[in-house]
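Please read the structure below before turning to the comments.
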Amino acid sequence: MKKILLLGGSAQQIIAIETAKRLGYGTVLCDYLPDNPGQYHADIFYQVSTTDKDAVLKVAQKEQVDGVLAYASDPAAPTAAFVAEQLGLPGNPYSSVEILCNKDKFRQFLADNGFNTPRAKGYFSLDEALYDINQGCFKLPVIVKPVDSSGSKGVGLIDPACDIRSELEYAMSFSREKRIIVEEYVEKYGYQIAGDGLAIDGRLVFRCFANDHFDRNCVNPYVPVSASFPYNMPKEVHEKIHSEIQRLIALLNMKTGCYNFDIRIDKEFNVYLMEIAPRNGGNYIPQVIQYITGVDLAECAVKGAMGDRIQISPRSVDGYWSYYAVHSLRDGVLQNISIAPFAQKKIVESHIIAKAGDNIKAFTGANTTLGILIMKFDSSEEMLDMMDNSDKWIEIKLK
């Protein structure tokens, strides 16, 4: 039996484990959390950090795996590429994955290759970043981010009215490498673009774009709370975005794998590739896309990691779908989650993990989500209104 090494065993990553088992592969799991739920689904479990490249390599060698996959995990993606490259397994170039997974390296690569990209600079030193901002090296407002975090954790906006050092310190606290990036703010036209795609042998053969939604009342209003499908722009805009992603994939010599998108356009429809992550999206985005198009991106990711043939037959986008991240605006003890009856009828799958009596945190990133809803709507107008105004149909009650 061929074996696949899976990096990460969260609730959202179980789909990759189950998919691999359905395809007939033995499953080996690494996760540093002793209570991760994925260990109860995998054949073999190692309590090893998915960001410890050498430790994961030793597991891969011991188990003689035939492929390695970081499903829906930015931090683990470089580890998967490193292990695959060291062992001659299917995968993308480690150096290219490193560029995609480190925001300052990615910004520099975009600038060097003629892509639209905001002025940006990476910093190890908070004092240096503070000096550059105070000296007017950037046009305010600017966005500050950890270079190596995922799920929008640690993202903040710096304008003349804020405590700049506090914002820089907050971002730095989420960086494993203790490095941040400061970049000028890109004004978007319409919705920010989310979604996933698939490349086979260096060609982007499939993509499904979505509208990103944010909750302006959140402590961190720059974390998406929903992605709704399909993206509400004309076909030519979709094609222009596709072309820019393809150019990036070709320049980086990427091979086969799935991608998660974070993109903006301006009023002239210039495309800004904010982040192109070399992994499937979180928040059950692949499952939403499967409902819409029939394409199983979890299966594609597993087969790609194993070097097996991938065949897809996407159908035309069917209906109006979204994920919604259930979230609280403040810390407290959860009493209940109240959803209006008309909204309950829109829920196709509920993956709420928080329970009454749990201590919960205000929503600041994907790690503070109370759960995910997959929803279907009767029209684009209904979908966009409900995702933009979730306070009309869902209430998080605290004790």
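Quick note: the coordinates plus some simple rules give every number you see, no bench work behind them. Everything numeric here is computed off the predicted structure, so don't read it as measured data. Please note: Cβ atoms are built from the backbone with ideal geometry, for glycine as well, and neighbour counts cover all protein chains shown.
Multiply the residue separation of Val333 and Glu395 by 0.36 nm, subtract the distance between their alpha-carbon atoms, and state the gained length in nm to one decimal.
On the way: separation 62, 0.36 × 62 = 22.32 nm, distance 1.39 nm.
Gain in length upon complete extension: 20.9 nm.
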- Query: Order of Tyr131, Tyr291 from fewest to most other C-beta atoms within 10 Å?
  - Reply: Tyr131, Tyr291
- Check the straight Cα-Cα distances from Lys121 and name the lysines below 20 Å, setting aside those fewer than 8 residues away within the same chain. Lys103, Lys105, Lys139, Lys145, Lys153, Lys178
- Item | Pair Ser316, Val348: separation of 7 Å Cα→Cβ label points (nm) | 1.8
- Item | Amide proton proximity set for Phe206, modelled H, under 5 Å, gap of 5+ | Leu198
- Task: Mind giving me the nanometre distance, one decimal, between the label points for Val186 and Lys267, set 7 Å out from Cα along Cα→Cβ?
- Result: 1.8
- Query: Under the classification rounded if a/c is under 1.5, otherwise prolate if a/b is larger than b/c and oblate if not, where does region 111-234 fall, given a ≥ b ≥ c as square roots of the Cα gyration tensor eigenvalues?
  - Reply: prolate
- Task: At a Cα cut-off below 20 Å, give the lysines reachable from Lys399, other chains included and same-chain residues fewer than 8 away excluded.
- Result: Lys355, Lys361
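Among Val48, Val333, Val68, which comes first, second and so on when ranked by fewest other beta-carbon atoms within 10 Å? Show your work: numbers first, answer last.
Working: Val48 16, Val333 11, Val68 30.
The fewest-first ordering by Cβ neighbours comes to Val333, Val48, Val68.
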- Item | Distance between modelled label sites at Lys178 and Ala111, nm, 7 Å Cα→Cβ extension | 2.5
- Counting all C-alpha pairs of region 267-399, share separated by more than 27 Å (%): 33
- Packing-based exposure ordering (other Cβ within 10 Å, fewest first) of Ser175, Ser125, Ser316, Ser49: Ser316, Ser125, Ser49, Ser175
